[in-house]
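Colleague: Pasting a structure below so you can have a look.
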Amino acid sequence: MGKRGQTQTIMEYAAARGLLGALGVLPRPAAVAAGRALGRLAHMLGGGLRRTGEINLQLAFPDMDERQRKQILRGCYDSLGRTLGEFSQFPRATRASLRELIDYDPVGLKHLRAAEAAGRGVIFLTGHLGAWEVLSFAWSALEYPISFIVRPLDNLHVEKLIEGIRTRFGNTAINKTAAARQALRVLRAGGTLGILADLNTQEKEGVFVPFFDRLACTTTGAAMLALRANAIVIPTCAIWDKKRGRYFFHGDPPVELVRTGDEKREIEINTANFTAAIERMVRAYPDQWLWIHKRWHTRPAGELSPYQRQSRRSNTSRLTLSAVEKDFSNR
């Protein structure tokens, strides 16, 4: 790494630590309010991320009123800001304070308890919906530690900082680049594994399945692990409930695994079923999903990315991706 790269790495780490530290010393309501303010500011500034969100919402909800789509996009930024504020509080959160913050879906919890009683591994199938960081962190504090698959950040100093916070109550982060063997061990031992399965991926890592009635290249990792470990797959997310002023741990019935005797076909079918389960949750809480990610970027052969197409129509050169955009687009 050259001097410029080292300087950038140090500056990014200092910025991340400074931001989390500044928010972390505030009382939780103030930290969340500040995080939401940062989210609103990011939305107001616009740029490539907001334009991506606008394109995604047009793709997903072509018949929706433009005013409604704008409201959903504002909600997306608000949710991200809230999650940032909550994350800053994790280093000093207690089991008691988290218990005051969380409500469980009794039906979803019933499905989970049945899965636990079966003695099989459990996959928490989730996405960048609601407060996904709260879901894994609070679960480890209030129930038991879980493992989760994550793509490490490019900045290893920032990654170490974030991972230290995420794993404070015993969670284990599994590097996405070499996850299969370790993840299978967790599931075959009857453990619980969290998988975020809602981001765009490259063709070598995924298959094209419907998502909001459009083909989306989707990771096959969740299906492969579920099939090989005979795991129970439960769609779940942590949603902010404004009326209650608490997070709501939402759980759907398990997604039954489909077996055909053809492993390739099984992976395709189950990936499609898992993606449909995630879509149902996103449709239920659309203003809390990560619309600013280029979900439909990877296309079947001969088909242009909708984000490239938009750029060509406007006759503008491609915008330089921000660090956040680059991280999302590489997942």
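The values are calculated or read from the model by the stated rules, or taken from the named source; none is laboratory data. These numbers were taken from a predicted model, which means no experiment stands behind them. Here the Cβ positions follow ideal geometry from the backbone for every residue, glycine too, while neighbour counts run over all protein chains shown.
Colleague: Applying the selection to the stretch 8-34, what residues are of a type in the set (K, R) and over 11 Å from F87 (Cα atoms)?
Modeller: Residue satisfying the conditions is R17 alone.
Per-residue answers, yes or no, for (1) more than 18 Å from the chain's Cα centre (by Cα); (2) under 20 Å from V282 (Cβ atoms):
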residue	(1), (2)
G39	no, yes
L45	yes, no
E66	yes, yes
R69	yes, yes
C76	no, yes
Q89	yes, no
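Colleague: Considering G75, G35, G81, G53, which residue is in contact (Cβ under 8 Å) with a residue 12 or more places away in the chain, closer than 30 Å to S305 by Cβ, in contact with an Asp or Glu (Cβ under 8 Å, 6 or more places away or on another chain) and small (G, A, S)?
Modeller: Checking each option against the conditions leaves just G75.
Colleague: Related question: For the stretch 279-293, indicate whether the set of residues that are in a loop (DSSP other than H, G, I, E, B) and loosely packed, with under 13 Cβ neighbours inside 10 Å is non-empty.
Modeller: no
Colleague: Would you check if G46 is more than 23 Å from Q89 (Cβ to Cβ) and in contact (Cβ under 8 Å) with a residue 60 or more places away in the chain?
Modeller: Considered against the rule, which asks whether it is more than 23 Å from Q89 (Cβ to Cβ) and in contact (Cβ under 8 Å) with a residue 60 or more places away in the chain, G46 comes out as no.
Colleague: I would also like to ask the following. Hey, among the residues in the stretch 92-110 that are assigned to a helix (DSSP H, G or I) and modelled with pLDDT under 95, which one's surrounded by the most Cβ atoms within 10 Å (Cβ to Cβ)?
Modeller: Checked the stretch 92-110; the qualifying residue surrounded by the most Cβ atoms within 10 Å (Cβ to Cβ) is G108.
Colleague: Only one residue in R28, R50, R17 is under 30 Å from A216 (Cβ atoms) and basic (K, R). Which one?
Modeller: R50 is the lone residue from the list that is under 30 Å from A216 (Cβ atoms) and basic (K, R).
Colleague: Would you check which residues across the stretch 156-204 are within 20 Å of A226 (Cα to Cα), free of Cβ contacts under 8 Å to residues at least 12 places away in the same chain and among the basic types (K, R) and list them?
Modeller: R181, R185, K204
Colleague: Of the residues Q89, Q68, Q58, Q8, which single one is at pLDDT below 95 and part of a helix (DSSP H, G or I)?
Modeller: Selected residue: Q8, the only one of Q89, Q68, Q58, Q8 that is at pLDDT below 95 and part of a helix (DSSP H, G or I).
Colleague: Could I ask something else about it? Is at least one residue of the stretch 128-135 surrounded by fewer than 19 Cβ atoms within 10 Å (Cβ to Cβ) and more than 29 Å from N56 (Cβ to Cβ)?
Modeller: No, every residue in the stretch 128-135 fails to be surrounded by fewer than 19 Cβ atoms within 10 Å (Cβ to Cβ) and more than 29 Å from N56 (Cβ to Cβ).
Colleague: Select, from E268, E279, E263, E256, the only residue that is of a type in the set (D, E) and under 30 Å from G39 (Cβ atoms).
Modeller: Of E268, E279, E263, E256, the one residue that is of a type in the set (D, E) and under 30 Å from G39 (Cβ atoms) is E279.
Colleague: Contact list please: Cβ distance under 8 Å, first residue in the stretch 249-275 and farther than 14 Å from A231 by Cα and touching a residue at least 40 places away in the same chain (Cβ under 8 Å), second residue assigned to a strand (DSSP E or B) and of a type in the set (D, E), pairs at least six apart or on different chains.
Modeller: The qualifying pairs are F249/D103.
Colleague: Name every residue in the stretch 140-154 that is of a type in the set (F, W, Y) and either without any contact (Cβ under 8 Å) to a residue 40 or more places away in the chain or assigned to a loop (DSSP other than H, G, I, E, B) (or both), in order of residue number.
Modeller: Result: Y144, single match.
Colleague: Within the group G81, G24, which residue is touching a Pro at 6+ places or on another chain (Cβ under 9 Å), within 24 Å of F248 (Cα to Cα) and either at pLDDT 95 or above or not polar (S, T, N, Q) (or both)?
Modeller: The match here is G24.
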